[in-house]
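The values are calculated or read from the model by the stated rules, or taken from the named source; none is laboratory data. Remember, predicted model here, so these are calculated numbers, not experimental data. Cβ coordinates were reconstructed from backbone atoms using ideal geometry, including for glycine residues, and neighbour counts include every protein chain displayed. Side chains included, ligands, DNA and RNA excluded: accessible areas come from the protein's heavy atoms. Shrake-Rupley method; radii C 1.70, N 1.55, O 1.52, S 1.80 Å.
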Amino acid sequence: MSRLKSVDQETIRVLNQKKILNLIYRNNTLTKQEISQKLNISIPTVISNSKELIEQGFLEEAGVAESTGGRKPTILKFLPYSRYSFGVCVTKDKVRIILANLNFEIVHEMDFNMPEKLKDFNDIICKVSENVEYIINKFNIPYDRILGIGFSLPGTVDEKNLLLKNVPNLKLKNISFKEFQTCFKFPIFIENEANASAYAETFINFNDIKSSLVFISITEGIGTGIVIENNVYKGFNKRAGEFGHMTIVKDGKKCNCGKKGCWELYASKKALLSEYRNAFDDMNGTLDDFLKRSKNDLKIKSILDIYIDFLAEGIKNIILALDPKNILIGGEIFSYKDFLEEELIKKVFKDNSFYDETQCNIMFSSLGENAAVFGAALLPMESVFFLNDNVI
Ligand SMILES: [Zn+2]
């Protein structure tokens, strides 16, 4: 019995410490009395737990507040530089690496291009490892201050077994990240790009409004991350949210996944770019060239209009399937928000007998193009902040 009891006490102690850390993280500074009131735990419990958090380096005492009667209360301050985390975002074209502190301030970042023909994923990991070592040396960070390295990956992921299962757009299958553990002196974490982005939106921009959301990441393909009441929904086979491969055109264009007419062939950033390149016979043109150069060109407008139609059709289907409170759009398409947002919202709700604008918010990600890489950096921080693993 005594053993069971001690395990319980240990669990409660860890939970209380996480609750205190979460609260001070949100508020930056609080007195011990305020913590006690907000969390409904006793002052002695706050004192003993905060003492340990100070010893671990997460908090410091920062003076005293004005007394409301009795002793002046001690102020506790959150120390964002007490731990660090690496976030790595892998897309078809680029690998981006950030070193973030606990406040998600980017201490350093760098990126490199993916090789034209990817022969071996080992090469990418070696390059990430070299860059990570360079950053650690440059900033002289002790290894015990680094919580880990998280990877945001553009495919289906079994995060518990560190397995990247399938990335049709990179023609990669069954890559075990367990084998890469020897390349780093701290733990590796992996997550699907859209789920990582959804995590970041829910946690970093802590806000009740975002406790239920679908994050639609639009880049080379389209991925979606589903958060229900602060829990990421992954499904029985961990494949939930593959809306990029729902059929939007029967017998349509052929997809890398083997099916025809998938949504991402019509509504990804790549799809929009290839429409423009074909229409203008300019295979090197970028979306910036097409969109930002010729605002009043009818051909440019008409291609954009058709693209937004497809985007809206898919979003309507997602709303019908999941009835989310919020839809957030991110990924590389984020740079073109000004060309898309207003028209997209109009098209989703036009002649829509099921929903109107007050029943589902459609917005672009507030983290912009950082959502996935912040989500990756957040993965190692779960051990510090999260009360449970938030995956259902
Ligand atoms: Zn497909």
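Just a few scattered comments:
- Cross-link pairs exceeding 28 Å between alpha carbons, from the set K238/K346; K119/K259; K269/K299; K270/K316; K250/K292: K238/K346; K250/K292.
- Placed amide H near C257: partners under 5 Å, 5+ positions off or other chain: none
- FRET efficiency for E229 and E52, using Cβ-Cβ distance with R0 set to 25 Å, rounded to 0.05: 0.25
- Carbon and sulfur %, accessible surface of the chain computed with the full protein complex present, 1.4 Å: 49 percent
- ³J(HN,Hα) computed for each position of the range 347-355 - Karplus, 6.51 cos²θ - 1.76 cosθ + 1.60, integer Hz, glycine/proline x: 5, 5, 9, 5, 6, 9, 7, 8, 9
- Accessible-area value, S217, 1.4 Å probe, nucleic acids and ligands omitted, Å²: 0 Å²
- Dividing the helix sum by the residues of the chain, where each DSSP H run of 4 or more adds -39500 (n - 2.57), gives a mean residue ellipticity at 222 nm of -11500 deg cm²/dmol.
- Here the simple spin-label model places points 7 Å from the Cα toward Cβ, and for L39 and K127 these points are separated by 4.4 nm.
- Annotation: H108 carries an accessible surface of approximately 40 Å², with a 1.4 Å probe and no ligand, DNA or RNA atoms counted.
- Rounded to 10°, Cα long-axis angle of helix 121-139 versus longest principal axis of the chain: 40 degrees
- Amide H contacts of H108 (H built 1.01 Å from N, in plane; Pro and chain starts excluded): L99 sit under 5 Å, all sequence-distant by 5 or more or on other chains.
- The chain: relative contact order as a whole-number percent, Cα under 8 Å and 6+ apart: 16 percent
- Amide proton proximity set for T31, modelled H, under 5 Å, gap of 5+: L76
- The calculated pair-distance distribution of the range 191-260 uses every alpha carbon pair, bins of 5 angstrom beginning at 0, and gives 4, 16, 24, 21, 15, 10, 6, 3, 0 percent.
- Taking the DSSP beta bridges with both ends in the range 206-365, the antiparallel portion is around 55 percent.
- Degrees between helix 43-55 axis and first principal axis of the chain (Cα, 0 to 90, nearest 10): 70 degrees
- Couplings 3J(HN,Hα) of the range 180-190, computed from phi: 8, 4, 5, 7, 10, 9, 8, x, 9, 10, 9 Hz, in residue order, whole Hz [Karplus 6.51 cos²θ - 1.76 cosθ + 1.60, θ = phi - 60°; x for Gly and Pro].
- Each pair of Cα atoms in the chain enters the Kirkwood radius, and Stokes-Einstein at 37 °C and 0.692 mPa s then converts it into a translational diffusion coefficient of 144 µm²/s.
- For the range 13-56, the residues whose backbone nitrogen is under 18 Å from a point 7 Å from the Cα of S67, taken along Cα to Cβ, are 31-34.
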